[in-house]
Amino acid sequence: MTEAIRSLLSAGLSLPGNMDASKSPEIYAYALSKVSATGVRKAVAKLVRGEYDLRNKAFIPTPPEFADLARHETREIVDDLSRLKARREALTAEKAPDHDEATKARIRQLLKNFRSSREAEKVQNRELAEPMDDDRAEYWRSIMALKDADNVTEEQMQFRRRIEKRVSDTEATAELNDRSAA
């Protein structure tokens, strides 16, 4: 650390005016004791080149200010190394392993179940889309006359209500046609 102060002095910078020149090496050494040597070297280089925005560029910063500058330089180095390490890990990361056969079989079964339920839904919708004539209305009335099972789902009840509405709409249309014909 004393070499850093000597290089700043030889570059033409002066010690702060209120500092005792005989005690300055120990004070700076103490202030910079927990800072990396690389950070101190970078701070010295930037001070000599005048890259810091200091109040007075003719003087060496006080020991706490100099330690802060060196810590900042160390932090930049550590951040750069951290980014480089993360980038290297991202570039060399192995691709995700393929799924085992049990997982593939489970996915196939889920897809098969989805497709069959979707097909059943399409059949149900086709039945609802077909025009309701008297014969179909009679067919649905005979089915609705049967007793329901003990465990009827909500979907089944919704389907039943839609069929009932279509049958009643067919009956209402038939009555209107009979009245208008008469």
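Some points to look at:
- Calculated P(r) tail over 20 Å for the stretch 55-128, as whole % of Cα pairs: 70 percent
- Cα-based Rg of the chain normalised by 2.2 N^0.38 Å, two decimals: 2.73
- log10 of Debye I(q)/I(0), alpha-carbon scatterers only, for the stretch 80-122 at 0.26, 0.29 Å⁻¹: -0.86, -0.92
- Across the stretch 47-58, coupling constants 3J(HN,Hα) worked out from phi with the 6.51/-1.76/1.60 Karplus curve, θ = phi - 60°, read 5, 5, 7, x, 7, 8, 8, 9, 4, 10, 7, 8 Hz, and Gly and Pro carry x.
- Note on the stretch 129-153 and the stretch 47-102: Cα centroid distance 75 Å, given to the nearest whole angstrom.
- Spherically averaged projected area of the convex hull of Cα atoms, the stretch 48-94: 4.2 nm².
- Computed from the C-alpha gyration tensor, the three semi-axes of the ellipsoid equivalent to the stretch 99-180 are 39, 15, 8 Å, from longest to shortest.
- Over the chain, relative contact order from alpha-carbon pairs under 8 Å, at least 6 apart, %: 18 percent
- The helix-only estimate of mean residue ellipticity at 222 nm for the chain, built from DSSP H runs of length n ≥ 4 each weighted as -39500 (n - 2.57), is -24000 deg cm²/dmol after division by the residue total.
- With K and R counted +1 and D and E -1, the other residues having a Cβ less than 13 Å from that of E51 yield a net charge of +1.
- With a threshold of 29 Å on the Cα-Cα distance, the over-threshold entries among K42/K85; K112/K165; K112/K147 are K112/K165; K112/K147.
- Seen against the Cα atoms of the chain and their longest principal axis, helix 101-129 is set at about 40 degrees.
Only the coordinates and a few stated rules stand behind these numbers; no lab work does. Fair warning: this is a prediction, and the values are worked out from it, not measured in the lab. Because the Cβ atoms are built from the backbone with ideal geometry, glycine has one as well, and the counts that use them run over all protein chains shown.
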